[in-house]
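Readers should treat all values here as calculations from the given coordinates under stated rules, not as data from a laboratory. All figures in this text were calculated on a predicted structure; none of them were measured in a lab. Using ideal geometry, Cβ is built from the backbone for each residue, glycine included, and neighbour counts are taken over all protein chains shown.
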Amino acid sequence: EAEVAQSPRYKITEKSQAVAFWCDPISGHATLYWYRQILGQGPELLVQFQDESVVDDSQLPKDRFSAERLKGVDSTLKIQPAELGDSAMYLCASSLGTGGRTGELFFGEGSRLTVL
Amino acid sequence: QQQVKQSPQSLIVQKGGISIINCAYENTAFDYFPWYQQFPGKGPALLIAIRPDVSEKKEGRFTISFNKSAKQFSLHIMDSQPGDSATYFCAARGAYRGSTLGRLYFGRGTQLTVWP
């Protein structure tokens, strides 16, 4: 069964360092999402891509976070510099489209970030 | 602003019992209401979903009840099993074109524990 791949699974870093997360969506999925999940809370959208274009990055802290999906396939989320409050699970999800059955989201296993 | 409100935060049920989790929403611009199941260290996985033109959907031991006029929906787990112990998230998907199309808004989650 096709899956959303994410790496690394775990990342420990010190405050002010740079971190990067990678996501490979299910093949053929045009829509890609990055969500952040703080422990004990539901996922919150950071950025949404349609192919290589950003559809929604209104919740992305752009002073330190950046995301790209250059060829419309895999994606990278970067944080620089990392802050203590960035400790969370970063989830990537993909879907065929955005409506109807094509809008069903499939999540990866996430990248757990701990900032010391 | 929490678009989807979920309760209870935690739930303990005896094996064989019924687990009930409730969600409410304010915004009417949602076209799809999924429930996700998340085990520790894993990404959320789609459990069951419903569209607002349907009042109930059942899949095995899992049932969603949907009340459009009250803007509420709930998940019922019949004959709860220890393997059902996980965190459950309700969500609502944006329906209109623009930045919210396809975007999932999650509740804060319910941690379910089923005792054997």
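Take chain A and mark each of the trypsin sites (Lys or Arg not before Pro) that is in a DSSP loop with at most 14 other Cβ atoms within 10 Å; the longest unmarked stretch, sites excluded, is A:16-61. Our compactness index for the stretch B:1-96, the C-alpha radius of gyration over the empirical 2.2 N^0.38 Å, is 1.05. The ranking of A:Asp57, A:Asp74, A:Asp63 from fewest to most other beta carbons within 10 Å of each one's beta carbon is A:Asp63, A:Asp74, A:Asp57.
Packing, as the average of other Cβ atoms within 10 Å across residues, places the peptides A:86-92, B:44-50 in the order A:86-92, B:44-50, highest first.
One Cα centroid belongs to the stretch B:10-27, the other to the stretch A:22-57; the line between them spans 27 Å. Every Cα-Cα pair in the protein assembly as shown was counted, and those over 21 Å apart are 55% of them.
Spatially close Lys pairs in the protein assembly as shown, defined by Cα atoms under 29 Å apart and a spacing of eight or more places or different chains, total 28.
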